[in-house]
Protein chains: 2
Amino acid sequence: MTSLHCPTMSGPQTSEPAPDRQEDWSAGSRDEGAADGSQHSHRMLNFSDALLSIIATVMILPVTHMEITPEQEFDKSVQRLLATRIAVYLLTFLIVTGAWAAHTRLFQVVGRIDDTFALLNLACMMTITFLPFTFSLMVTFPEVPLGIFLFCACVIAVGAIQALVLLYAFHLPHLLSPQLEHATHRALHRRRVLGVILQGPALCLAAAGFSLFFYPASYLLMAMVVFLPYVSKAASWCRGRLVGSREPPAPGLESFTFDLHEPLSKERVEAFSDGVYAIVATLLILDICEDNVPDPKEVKERFGGSLLAALGSSGPQFLAYFGSFATVGLLWFAHHSLFLHMRKVTRPMGLLNTLSLAFVGGLPLAYRQTSAFAKQPHSELESVRVSCAIIFFASIFQFAIWTTALLQERDTLQPSARFGGREHAFMFAKLALYPCASLLAFASTCVLSRFSAAIFHVTQIAVPFTFLLLRLLVRLALAALRASRGLARPVRSQAAPRAVDDTRAPLLPAAC
Amino acid sequence: MTSLHCPTMSGPQTSEPAPDRQEDWSAGSRDEGAADGSQHSHRMLNFSDALLSIIATVMILPVTHMEITPEQEFDKSVQRLLATRIAVYLLTFLIVTGAWAAHTRLFQVVGRIDDTFALLNLACMMTITFLPFTFSLMVTFPEVPLGIFLFCACVIAVGAIQALVLLYAFHLPHLLSPQLEHATHRALHRRRVLGVILQGPALCLAAAGFSLFFYPASYLLMAMVVFLPYVSKAASWCRGRLVGSREPPAPGLESFTFDLHEPLSKERVEAFSDGVYAIVATLLILDICEDNVPDPKEVKERFGGSLLAALGSSGPQFLAYFGSFATVGLLWFAHHSLFLHMRKVTRPMGLLNTLSLAFVGGLPLAYRQTSAFAKQPHSELESVRVSCAIIFFASIFQFAIWTTALLQERDTLQPSARFGGREHAFMFAKLALYPCASLLAFASTCVLSRFSAAIFHVTQIAVPFTFLLLRLLVRLALAALRASRGLARPVRSQAAPRAVDDTRAPLLPAAC
C-alpha cells in the first residue's frame, strides 16, 4: 500500500525549501519517536491554532449581540458604543494574534514534544483563553487597577509557561529542532530566545506595577507589548531599504538558520487563518439556529399555523446568511489561492494577514447590521455601507499581501505567480474581485437613495455562482469541442493544462 | 536549509504505512501541481474538517442557553425539555458526522483539486451548515411536512454536489487519487462510489415524498440514512466473526486498495476531533465573555464600586470554567496519546470516536449546569451527577476505542502500545483515569448529601496539575541524581528513555 502512494505524486525536483512540518509526516520516524517517549508536535500545534483562532474572534460577539431595537435610530450614541466595542474587538484580535505569533516562534525552537510539553501547552492555552475576558474587563473599568492587573497577570503567566517550555526543551536537547540540536552555541541561543519570549511579560510586570499609582503609564507599556514587534520590524525594514545593506549575522550563529525575527511558519499561518474563516462562517449559522427557529405558539397565533409564512417573515435573515457565507467562503478561497503560490511568509505579510483576518472576523457584524436594518431605508443604507467597508478592508489587505509578496517575488512567490508567470494575471483578478465589487457597491449606495439590502445579499450570493458557472461552461464547451473532434490525445499531459489556460482569458473581464 | 531538515529526523525504517496525506507535504510536487492548475487538497480538507466539527457541536447551544431561573426547581418538566433538546443535539451530531464521513470518503477518491473543486466544496459546506437549522425546525414542528421537506432538500443538495464533484473528478482523471488514476476499471469504480454517495439522498427523496401524506414513514427512512451504515457494518463484522471468512475481493478491484467501507482517514479523524475539542473548550469562554463582565452601573450600586467584590460574586463560574477547560484539555490529551499509537482507524473505532465526541460536546452543558445550580443543595447534586455522567461517557467511549483497537492490535496499533509493549500499561492508565474518577465522583454524590460543586471543580482542576507535577518531580529528581553522580553519558541515547520509563511506575497507582 505504501508503494502506491508516493511514486506517482513526486514531481520534478525544485529548489523550494521543505515546509516546516514536513518531518512530521515522514512515516519512518513515528515509531522511533515513540521509543523515547517523544512525539511529533504536528497535531498539538493544529489544536493550538484552532483554539487561538477561535479565541481571537470571540470578542466580535459582544459587538454583534448588541441590542438595537427596531424603533431605535442608528444615531450618534449607538454609533459611539459600537465603535468602542469594535475597537475592543480589534485590539483583542491583535493581542491574541501576538500570543499566537509568540507560540509559533517558541515551537519553531522545539522540534518534538513529550507528554509534559502537551500538558504545559494546555496550561498555556487555558491562560490565553482567559485573555479576552481580562481585556474586556480592563476596557469596561479603565481606571480600576484590578482590570490592568488581571490582564498583566495573564500575560506574565503565559510568558512564564513558555519560558518553562523553553528551558525544559533545552534541558532535553533531543526535543529541540534539528538545527538547534546540533548547534554549537546552544546556551547563547537559549539566552536569545528566552529574551524574546520574556520581553512582553517584563513590560507587563512594569505595567502592573504602574497600575497601582499611575495607570496611564500602564496603558503605554501595554501598547508597546502589542505594537513594538511590528514597529521595530517596520523600522528595520525601512532602514534596510534606505541604507541598502543588512548587517552580517553574528559569528557562531550560522547554523541557526531560521531568523527569530521572521517567526511565521507558512503552515501555521494557514492553519490559524483557516480557523478564523471557519469560526466566522459558523458564527453566522449559530445565530440563525438560536434565533430563527420559530416558536410553535407564535406560529399558531401570528401566522395561523402556517410555518411557511413564519419562515418567510425571517426570510431576509436567511438571505443575509447565505450572502455572508458566500463572501466568507470566497475570501477563504482567495486566501487559499494566494498562499498556494507563496513560498514563505515574511513578517510584514503576516501583519497584513492579521489585519485582513481581523476584518474577516467583523463579517458577522455586517450580517447582523444588514439583517437587523433591512426594513428602515436610511439605516439600511448605513448598514450596507458598513458591510461594504468591512468586506473592502478584508479583501484589500489580502491584496496588499500579494503586492508585498511581489516586491520580493524571488523569495516569496512560486515562479508561476511572479510577473509574467502563467498564473499572475489570474491571481491578480481573483484578489482584485472583492475590493472592486465592494467599492462599487459602496459607490452605488451614494447614488441610489434606496439601495435594498436584499439586492446586496443577492449580489453576494451571485458572485461565486457566476464565477463557478463561467468556469464550468467554458470547460464543458471545451470538452464538447474535443469530443466532437474525436481527438484521442492523452488527457493528462496536454489537454488539461490547456483547458485551464483557456478558461482564463474569458474570465478576466468578468472578474474585474 | 533544506538539507538541515530531514537527515536528523528520519529514523530507522519501519513497516508502517505512510499517512494518507503524506504526499501533500512532499516539497517537490508543489510546483508541478501548480503547472496544470491543480492543487493538493490538504488545506481545503482541513478547512472543511474545522467547519464541520463546529457545525456538529453548534446544537449544544440551545441546550446550554436554556433559561432556568434560580427559583425554578430542577423538576420533571425542565428535565423533559432538557432531554428533548439533548436528543436533538445528539442526533444532529450524528447526522453532521455522517455528512463528514461521506465527505471523507469522497475525498479519498479525489487526489488533487482545482479551483472548481474548491468552489463546489464551499457550496457543499454551505448546505451542510444549514442542516442543523432544518433539523431543529423538523423537531420543533414534527407534524408539518415543510420541516421534513427542507431537511431532505438539504441532504439531497449535498448529495447532488458530491456527485458533481465525483463526476468532475472522473472526467479529469489526473485529479483522481493515484490508485484510481491508474486503475483499469475506472467506470466500474465510478458506479460503485456514486452508488455509495447517492444512497442517502435517494432515501431522503423518498422521505420527502412520504412527508406529504404519511410522515412517520419519512422519519423511518431518515433514521435509516443515519444508522444504516453503522448497522450494516456491525452486521457484516458480526457475520465475519461468526463465519470466520471474508469474501474475496471482486476481480479487477485489486488495485483499488482502499476499502470503501473503511472510509476513515486517520488524519481527518484527528482533524475533526481537534475541531470538536477546540470549539467545546472555547464555547465555555464565550459564555464567560458575554455574561460575566460586570456592568459599571451595577458595580457602583450593588458592590459599592468594588470590582473585586463584583467578580467574586461570579467566582463559581470562573472556577467552573477552569475546571471544564482542564477536563476538555485532558480528554483531548488522552485522545491525542491514543491516536499517536494507532496506525489506522476502522469503522467501529470511528463510531466509538463519534460517540465520545458527542459527549465531549455536551461538556458546556455540564459547565452551565454546575455553575447555575451552585447555590441549591439538591439541584447541585443533580447537576454534579449530570456532569459526572457526561464525563464518564466521553471517557469510557475513548476507552472503548482502545479496547477495540486491542482486539485487532496487529492492524491498528503501534508495536509499543500492544499487549506487553512498553507503552501499554501507561496508555491503559491514561485512558482509565477519567472513567474511574467520574465514577468515583458520582458514587460520592450518592454518599455525601451535600457534595459541593466547588469541590468538584477544584478536583477537575487538580487532576492535570498533580499529573504534571508528579512527572516534573520525578524528572527533576532523576536529573539531580544524574548530576550528582557526574555521569557524562550522552543524554539522547540512553538517559532520556530511561527517565520516561521510570516515571511510569510511580504514576500508575496515582492514575487509577
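The values are calculated or read from the model by the stated rules, or taken from the named source; none is laboratory data. Since we're looking at a predicted model, the values are computed, not measured. Backbone-built Cβ (ideal geometry, glycine too); neighbour counts: all protein chains shown. For the accessible areas, the whole protein counts, side chains as well, though only heavy atoms, and no ligand, DNA or RNA atoms are used. Shrake-Rupley method; radii C 1.70, N 1.55, O 1.52, S 1.80 Å.
What to note about this one:
- When the accessible areas of A alone and B alone are added and the area of the pair subtracted, with a 1.4 Å probe, the result is around 12400 Å², both sides summed.
- Amide H contacts of residue B:39 (H built 1.01 Å from N, under 5 Å, at least 5 apart or other chain): B:113, B:114
- Take each residue in B:106-115, count the other chain C-beta atoms within 10 Å of its C-beta, and the mean is 2.
- When peptides A:151-159, B:166-174, B:319-327, B:405-413 are ranked by their average number of other Cβ atoms within 10 Å per residue, the highest-first order is B:319-327, A:151-159, B:166-174, B:405-413.
- Heavy-atom accessible area, probed at 1.4 angstrom with all protein chains present, ranks B:436, B:124 as B:436, B:124, highest first.
- The charge dipole of region A:261-305, taken about its Cα centre with unit charges on the Cβ atoms of Lys, Arg (+1), Asp and Glu (-1) only, comes to about 140 debye.
- Exceedance of the 24 Å cut-off in Cα-Cα distance is limited, within the set B:344/B:430; A:344/B:266; A:344/A:430, to A:344/B:266.
- Order by protection proxy (mean Cβ within 10 Å, highest first), peptides A:56-64, A:299-307, A:132-140: A:56-64, A:132-140, A:299-307
- Separation between Cα centres of region B:311-356 and region B:264-304, rounded to whole Å: 15
- Label-point gap, in nm, between residue A:300 and residue B:458 - each point 7 angstrom along Cα→Cβ: 5.0
- Cα gyration tensor shape of region B:266-485, rounded if a/c is under 1.5, else prolate or oblate by comparing a/b with b/c: prolate
- Classification of region A:37-233 by its C-alpha gyration tensor yields a prolate form. The axis ratio a/c (a ≥ b ≥ c) is 1.5 or more, and a/b outweighs b/c.
- The overall shape of region B:123-174, judged from the alpha-carbon gyration tensor, is prolate: a/c is not under 1.5, and a/b is greater than b/c.
- Partner chain coverage, peptide B:295-305 - average Cβ within 10 angstrom: 1
- The mean number of Cβ atoms from other chains found within 10 Å of a Cβ in peptide A:118-131 is 5, as a whole number.
- Residues with amide H under 5 Å from that of residue B:110, placed H, sequence gap 5 or more: B:177
- Lys/Arg +1, Asp/Glu -1 at C-beta; region A:266-485 dipole; positive extreme among A:437, A:399, A:426: A:426
- Accessible area (Å², 1.4 Å probe, nearest 10) - residue A:446: 80
- Cα centroid of region B:115-175 to Cα centroid of region A:80-104, whole Å: 35
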